[in-house]
Structure formats: C-alpha cells, structure tokens
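Laboratory data are not the source of any read-out in this text; all were calculated from the coordinates shown. In this text the structure is predicted, and so the values were computed from the model without any measurement. Ideal geometry is used to build each Cβ from the backbone, glycine not excepted, and the neighbour counts take in all protein chains shown.
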Amino acid sequence: MTSIPRIGIDAMGGDFGPGPVADGAALALREWPGRFRLTLVGDEAEIRAALKRAHVDSALVEIVHAAEKVDMGAKATRAARKSGTSLGVLTQLHKEHRLDGIFSAGNTGAVVATALLGLGRLEGVSRPALAAFFPNTGHGTVVLDVGANAEVKPAWLVQFAHMGSCMARYLLGHENPRIGLLSIGEEESKGNQLVQESLPLVKAARHLNFIGPVEGRDLFKGTCDVIVTDGFTGNVLLKTAESAASFLGRSVRDEVKKDPLALFGALFMRGALHRLRSRIDWQEYGAAPLLGVNGVCFIGHGSSGARAFRSAIHTLTTFVEQRVNEHIREEIQSDHDSAA
C-alpha cells in the first residue's frame, strides 16, 4: 500500500450515474486535500463532463474507462463474470494492487459476487459479511451481517464477531468492543436454533468481549458496540431503521411547518436540528464494508447522493489507514490457533 490511500469508485454504479460521484468527490477533495488519491471507473466522457460540472480539477482524479456497467436488476453471478464493466474493471484494479480500496453504489448482489470472485476471502474466513453502522445514544453500533448471507452457520457468526470487533476497535475507536448476539430475549435459554448453537462458540472465542444475547431494542440504547446476526435478519433491521429515521425527519419538518410558533422556534433550534439530521442520516456514513474479502470493498445505496459519496471516500480512507483487514486476519488466525 502507498502512503496515501488510493481509493477507487464505480462511477456508473447507483441510480444517478457519475453526477453525484463527481459532486461527492468535489466535497471530499475540498475537505481532505492530499489525504487520498481518487480513481473513477466508467464511461470516460460522462465522468469528465460530470467532473467539469462539479468544478473538480481533472488533474486531481484519475479516470479509467470502462465501456459497460452493471444494471441494478442484473443477476449477481452473471454480472460478476463480465470483466468489461465498470465494477469488473474496478475490482481488477484492486486485485492488481493499483487501488487500496474500492466503492460501488451499484447492484449489491453483483458487488458481493464480483468481490468474492475477483478478490477471494481472507484466510480463515468462511463467508464475508456486510457491516452497517447505526448511530445511537452511545458511540454507535456495528451490525453484521446486513445482507450478504441470508442463511448462516454458527461458526460464521463467530467470524462475524471478530470482524465486527476489529471494525469497531480500529475504525470507530472502541477500545474493547462489547459483542452481542441478536436474539428475542437476553436470557440464554431463548432464541432459535442458530442462536442456541452459536452461543457456546462465541463464548469460547478469544479476543471477544462477549456480553451475551441482546434484543433489537438494544441497538439504539447503545448496550453493545457490535451485534452479530444472519444477513436476512440484519437486512430487515437495517431497512427498518433507515425507514424510521426518514419518517422521523419528515415528521419533524411537517409538524414545524404546520405551527407558526414552532417555525419561529426552529430558527433558534437550527443548529440542534442540523446535528440531529447528521446523526440519523445514512448519507453521513456513506457505505458499508464487505468484511472478510481479501481487499477493501465498500457498498453503498443506489440512491446515494453527493454527501454519501463524500462520506464513503472518508470512511474508505480511514479503513485503509487503520489496516483493519490486517487486524481481522490476525485476530481470526489467533482464534484458530487457540482452538487447535
């Protein structure tokens, strides 16, 4: 890895093409000048036009042309085998160590499949997992898996716990991350077969500060720093939380507009309302890492706007700087050695 992280973005991924990517790049380049090197992959003419509209100096961004893109409705395995797409070219650049981290807001299944096929898995990792950050009354909680594996095995949850713990420690600054296993009650006697079979394995794992089963309500109470679950349950949790945050934001705006006194009061609360929006808006976090692949791969929403791309660039840069993958590899290997 070079001293300055080299970040690559699929400029054709997402719902809106290169426009928001260029706008997000402009924000990031202004806010963190010299901290990263940026490469955009996709249709060169479209990317250059978008950069010009965003007033980005083309000398600050490398462009790699890719003639095709992966549609949002494309089948994951078929898309992963097409090497000429912006996603395929981006992944190949990372595999060749010409990039230190990559990001796409495109078809999630295609990104996961392409990363697995192109980059492979870290040693000791059976399945990669998508990890999402949730703000709460504490310092935030990492939840994984949130969509890469609809069904999982108990041993995989132990690996998810190690990966989530490393992310919470080195990316979010939690010194000794508390790990929770998502269940329907705090009692160890509760939970489905997956929870019951996973409990003794997570308990026995080294390096994990496991606090036991936790419930969905613990997510926003800040009871723990990492929650592990299967990808089906985690994805439902993620989408529900995002919808609730959006509903809360719209409701506050609508109620303020209905009441002249509230509208007047909002002028004095502008700073507080802005901070609230920043805490609950997913675009402030930008992207979710696909932990467990032999590389740094982040995935974003198809509806990502400029702020989401700006945040994704910052998060990828920090992830590379903190060598999170190296720590995951070391921790899982240590746990395997201990079990052996």
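Structure summary
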{"read-out": "Relative compactness, the chain, computed as alpha-carbon Rg over 2.2 N^0.38 Å", "value": "1.01"}
{"read-out": "Segment A67-A150, extension gain: residue separation times 0.36 nm, minus the distance between their alpha carbons", "value": "26.6 nm"}
{"read-out": "Calculated from backbone phi, Karplus (6.51, -1.76, 1.60) coupling profile of region 73-82 in Hz, x at Gly/Pro", "value": "x, 5, 6, 4, 5, 5, 5, 5, 8, 8"}
{"read-out": "Residues whose placed amide H lies under 5 Å from that of G13, excluding near-sequence neighbours", "value": "A105"}
{"read-out": "Karplus 3J(HN,Hα) series, Hz, for region 225-233 with 6.51 cos²θ - 1.76 cosθ + 1.60 (x for Gly, Pro)", "value": "9, 9, 10, 10, 6, 6, x, 5, 5"}
{"read-out": "Cβ-placed point charges (K, R +1; D, E -1), dipole of the chain about Cα centre in debye, nearest 20", "value": "700"}
{"read-out": "Charge-dipole axis of the chain as Lys and Arg at +1 and Asp and Glu at -1 on Cβ define it, positive-most pick from V195, L51, F309", "value": "L51"}
{"read-out": "Lys/Arg +1, Asp/Glu -1 at C-beta; the chain dipole; positive extreme among V143, T108, L157", "value": "T108"}
{"read-out": "For region 214-224, Karplus couplings with θ = phi - 60° (6.51, -1.76, 1.60), whole Hz, Gly/Pro x", "value": "10, 9, x, 5, 5, 4, 8, 8, x, 4, 9"}
{"read-out": "Förster-model FRET efficiency, 35 Å R0, E186 and E242, C-beta, rounded to 0.05", "value": "0.85"}
{"read-out": "DSSP loop GluC sites (Glu not before Pro) with at most 11 other Cβ within 10 Å excluded, longest remaining stretch of the chain", "value": "188-340"}
{"read-out": "Cut-off under 5 Å, modelled amide H: who pairs with F210 long-range", "value": "I179"}
{"read-out": "Stretchable slack from E46 to F232, in nm (0.36 nm times residue separation minus alpha-carbon distance)", "value": "63.3 nm"}
{"read-out": "Ellipticity estimate at 222 nm from DSSP helix runs (n ≥ 4, -39,500 (n - 2.57)) divided over the chain, nearest 500", "value": "-15000 deg cm²/dmol"}
{"read-out": "Order of R217, R30, R48 under a 10 Å beta carbon neighbour criterion, fewest first", "value": "R217, R30, R48"}
{"read-out": "Equivalent ellipsoid semi-axes, region 18-158, via Cα gyration tensor eigenvalues times 5, rooted, Å", "value": "29, 21, 14"}
{"read-out": "Amide H contacts of L122 (H built 1.01 Å from N, under 5 Å, at least 5 apart or other chain)", "value": "V293, N294"}
